[in-house]
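Have a look at the structure below, then the notes.
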Amino acid sequence: MVIPMIRIIFIATLVYLSTSCASENDGTEPMLYPLNIGNITNIKISGTGITSIADPNSNILCKNFILSKKEVNEYFESSNKVTKNDYRHMLDWSPCFVTGEITLENGITGKWSIHQYKGGTINFEGKKTIYMYCPNCKGKMFNKPEYKN
């Protein structure tokens with residue numbers, strides 16, 4: 001009687017563990033939502049290789065974090081929206097970022113930033129900040145920090 005009961009508990013545990021591992025989001029990556037900002041008519045890069053004032057003494061060298069206009073366009077084409085909470089608590093943070101301006105087809109303009117670990121923000125005038133993440137972006141400088149000696 002005891003052995004069949006142990007066998008049932010063991011099988012039930014295996015079934016539970018296998019179904020929980022098969023879920024699409026195991027809590028280590030943020031939930032991704034469509035960006036839906038409309039058609040982009042212009043992207044301008046205004047700053048590259050910037051070090052955040054939040055970490056001016058970082059041992060990461062930011063001056064070489066440069067994205068081309070093509071890489072920035074690809075970022076916006078492939079990027080997803082994430083919640084502010086997920087952006088701040090689930091994504092890796094880098095002191096290195098690139099900034100610029102974006103213009104949409106409807107004439108709305110905004111300021112954007114993209115950091116080295118594929119997170120980014122857009123601030124359209126008078127609107128809430130849009131938080132982004134692009135796990136599939138493949139720019140040559142993403143996820144490749146350079147360290148100071």
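Here, each number is a calculation from the coordinates, and none is a lab measurement. Predicted, not measured: the structure shown is a model, and the values here were computed from it.
Can you list the aspartates and glutamates whose alpha carbon sits under 12 Å from that of K111, skipping same-chain ones fewer than 8 residues off? Qualifying aspartates and glutamates at Cα under 12 Å: E101, E125.
Compared with the direct C-alpha span, the chain from F124 to K63 gains 19.3 nm at full extension, assuming 0.36 nm per residue. Applying a threshold of 21 Å to the alpha-carbon distances of K69/K148; K70/K128; K84/K128; K70/K127; K44/K148 flags K69/K148; K70/K128; K70/K127; K44/K148 as lying beyond it.
Relative to the current alpha-carbon distance between N42 and T99, full extension at 0.36 nm per residue lengthens the span by 19.1 nm.
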